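FYI, it's all coordinate maths here, none of it is from the lab. Everything quoted here is computed from the prediction, not taken from an experiment. Neighbour counts are summed over all protein chains in view; Cβ atoms, including those assigned to glycine, are modelled from backbone coordinates with ideal geometry.
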Amino acid sequence: LEEGARSCLLRCRHRLEEDIKPPYLMDHMISDGVMTVDEEERITTQVNQAVSLVELLLMKDNRAYISFYNALIKEKYEDLAILLFPNLPRTLTDGQKNTSDAVLSEGGVPQRPVVFVSRPELLNRVREKLYRLQKDPGWITVFGMAGSGKSVLAAEAVRDHRLIEDCFPGGIHWLSIGQVEKPDLLVKIQSLCFRLEQNLDSQSLSRPPNSLDEAKERLRFLMLRKYPRTLLILDDIWDSTVLKAFDIQCRLLLTTRNRSLTDSVMESGLDESKGLEILALYTKAKVQGLPEEARSIVRECKGSPLVVSLIGALLKEKPNRWRYYLCQLQQKQFKRIRKSSSYDYDALDQAMAASIEVLPDEHQDLYKDLTVIEKDVKIPAKVLSVLWDLEQEEVEDILEEFVNKSLLFVDNNSKPYLYYLHDLQLDFLVEQNRTQLEDLHTKVVRQYQQHYRYGPPTSGDEECLYWIRFLTYHMAKANLSQELYSLMFSLDWVSIKAQIMGPAHLINDYVEFGPILDKENSEVRSQFQEFLSLNGHQLEQRPFPDVVQLALSQPHTSEVYRQALQQAQDRARSG
Ligand code: ADP
């Protein structure tokens, strides 16, 4: 502990000793990792806990002081926090810590979950391997079942400023992959290239790569020339085609549930003691003090931290229900149509059902609406505010409730915050609501139409991006073919979507929904598609070109030409 901070603690020691109630403060300090459970235990047995806590702080480092300060604020001891504030340490190491925080958040590395237990052994193994990438490029794989904590582990492994400084001074970039088709993968790599190029501050942003091969070459160039000694983290890879696109001699950490992808395997299952630790954190108890059901619960969850977190959140609210939740986990009331070979869903299904059941009825319905979100897509509260027709503040409160129950996760690296489900949770919802999928998607489309009756959003914010990107997907899933034709056979929509998202997504739409569109008119579908492939590179340009002008050079028999001519005439008429 640095000099100033120490003497400040000594100065206001008496005030602190008189006023603070250590248990809650210590909880914060434990979750910041500056205090161990043993230390806490020792303090709790003392007659005067406050005195012992200050005593301990005096022996600790700057981080402990900062954590204590933050804990005071969180527990509403602002008057005491003010006393400590002038001497908050600003040493070199904190400075370094902040820069590495910035590196991580810029690269989109997710933050820790609210309840978090550290897994030092695994962590060290991953870090050790990462250190091997200091000199040479290479891959490291974290393997494990879905929901076993791979992503959390990968993110935690790079949360170490020494490692960043020593091995990856070029930065760390996170890319969630999931189960993607080629076009989606292209879009993901495009946005990665865009992110990397934007950081370079170069004057002329080059146009996005148009094919996977081109994307791979672009990425190779960027990584080799502009971002040497940078780590790419690919989260949740399903198959090897994805890996081929990243076979570019770079430094790579990937997580996967597919064992056949890995040569250097590192399992990430959770052992029993860690599961117990999670339950202890949720219920603010000591591991030794947990009831005997705790062990059985962890066993029923097969150590999956995702499932344990769901149960933990329930127990936080109802601490007397250990036996009850254990029994719920043991029930086998759900039957999955598609049972994944690598994962036993029973416990997850039971835990999800139990967590949903304790929501108020109207919130259960709102949660059900989340079934329609695509996997690996994060959404801002504003989209749900349209879907649910509620004020944004109300939506945020509801989302917070879901997050507290581990039914939903939040990425607060981004502004606005983005929310997402674990894909096993989405599997559960889709399975549960199999018969209502069409209605649920229809609701999305109807709410959108209601909200944006005067035209699509064009602000370019996260909400706008969501609608422009996924409206067609919801229409297709809702079987609203009529709506889908009129949108996709409209030059206005093409122009808006190309301007906001670039042409790749748009072309992808025509390919993906081609079979539906062709039922209406395959000629028109191919006319639009042709227009886009011919003009793709123009539509990448900024300032954005005049789409009507571009469209006028289409063959006169094309629907694209017809609409453009119409608009040109309207323009002429209105001067
Ligand atoms: P995977 O990537 O293997 O599918 P995640 O890393 O996304 O799994 O973890 C799933 C959930 O499990 C997280 O959202 C979190 O709630 C919980 N979890 C994972 N690791 C931990 C941990 N170390 N401490 C506490 N909870 C964890």
Among C327, C250, which comes first, second and so on when ranked by fewest other beta-carbon atoms within 10 Å?
C327, C250
Potential extension, D546-S191 segment - 0.36 nm per residue separation minus Cα distance:
125.4 nm
What do you get for the angle between helix 212-221 and the principal long axis of the chain? Use alpha-carbon atoms, 0 to 90 degrees, nearest ten.
50 degrees
Looking only at aspartates and glutamates whose Cα falls under 15 Å of K216's and that sit 8 or more positions away or on another chain, we get D184, E197, D247
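Using unit Cβ charges (K, R positive; D, E negative) and no other charged atoms, how large, in debye to the nearest 20, is the dipole of segment 28-149 about its Cα centre? Spell out each step's value before the answer.
Numbers: 14 positive and 16 negative charges, 106 e Å.
Using Cβ point charges on Lys, Arg, Asp and Glu, segment 28-149 gives about 520 debye.
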Inter-part gap, Cα centre of segment 152-216 to Cα centre of segment 354-390, in whole angstrom, is 29 Å
Return a whole-number percent for the relative contact order of the chain, with Cα pairs under 8 Å and 6 or more residues apart as the contact set.
10 percent
Work out how much length E530 to Q288 would gain on full extension: take 0.36 nm times their residue separation and subtract the Cα-Cα distance, in nm to one decimal.
80.4 nm
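Within the set K182/K477; K60/K135; K302/K375; K150/K332; K60/K284; K405/K497, which residue pairs have Cα atoms separated by over 32 Å? Could the numbers behind the result be given before it?
On the way: K182/K477 20 Å; K60/K135 35 Å; K302/K375 24 Å; K150/K332 27 Å; K60/K284 23 Å; K405/K497 36 Å.
Over 32 Å Cα-Cα: K60/K135; K405/K497.
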Long-range amide H partners of K405 with built H, under 5 Å
none
Degrees separating the helix 92-106 axis from the principal Cα axis of the chain, which is the longest one:
30 degrees
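Sort I468, I66 so that the residue with the fewest other Cβ atoms within 10 Å of its own Cβ comes first and the one with the most comes last.
Numbers: I468 22, I66 19.
With the fewest neighbours first, I468, I66 line up as I66, I468.
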Straight-distance crosslink candidates among aspartates and glutamates, where the alpha carbon sits under 15 Å from K274 and sequence neighbours closer than 8 are dropped
E121, E300
Gain in span if fully extended, T557 to V511, counting 0.36 nm per residue against the direct Cα distance:
14.4 nm
Modelled label-to-label distance, D166 and D397, 7 Å Cα→beta-carbon offset: nm?
4.9 nm
Through the Karplus equation 6.51 cos²θ - 1.76 cosθ + 1.60, θ set to phi - 60°, convert the phi angles of segment 367-372 into ³J(HN,Hα) values in whole Hz; use x for Gly and Pro.
4, 4, 4, 5, 3, 8
Calculate one ³J(HN,Hα) per residue across segment 389-399 by plugging θ = phi - 60° into the Karplus curve 6.51 cos²θ - 1.76 cosθ + 1.60, and present them in order as whole Hz with x for glycine and proline.
6, 10, 4, 4, 4, 4, 4, 4, 5, 5, 4
Got a sec to turn the phi values of segment 505-522 into Karplus ³J(HN,Hα) couplings, 6.51 cos²θ - 1.76 cosθ + 1.60 with θ = phi - 60°, whole Hz, x for Gly and Pro?
4, 5, 4, 4, 4, 5, 5, 5, 9, x, x, 6, 4, 5, 5, 7, 6, 6
Can you compute the radius of gyration and Dmax for the chain, using only the Cα atoms, both in Å?
26.8, 90
If each of S296 and K182 carries a label point 7 Å out from its Cα toward its Cβ, how far apart are those two points in nm?
5.3 nm
Sticking with the crude label model, points 7 Å out along Cα→Cβ, report the distance from E121 to Q538 in nm, one decimal please.
6.3 nm
For the chain, the longest principal axis of the Cα atoms and the Cα long axis of helix 305-317 enclose an angle in degrees, to the nearest 10, of 60 degrees
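Estimate the FRET efficiency between E128 and H14 by the formula 1/(1 + (r/R0)^6), using the beta-carbon distance for r and 41 Å for R0, to the nearest 0.05. Write down the numbers at each step before the final one.
Values: r = 46 Å, r/R0 = 1.13.
With a Förster radius of 41 Å, E is 0.30.
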Counting only residues 5 or more apart in sequence or on a different chain, those whose built amide H sits under 5 Å from that of S176 are D235
The residues L348, L471, sorted from fewest to most surrounding Cβ atoms within 10 Å, come out as L471, L348
Given R₀ = 22 Å, what would the calculated FRET efficiency be for K226 paired with Q111, taking r from the Cβ atoms and rounding to 0.05?
0.25
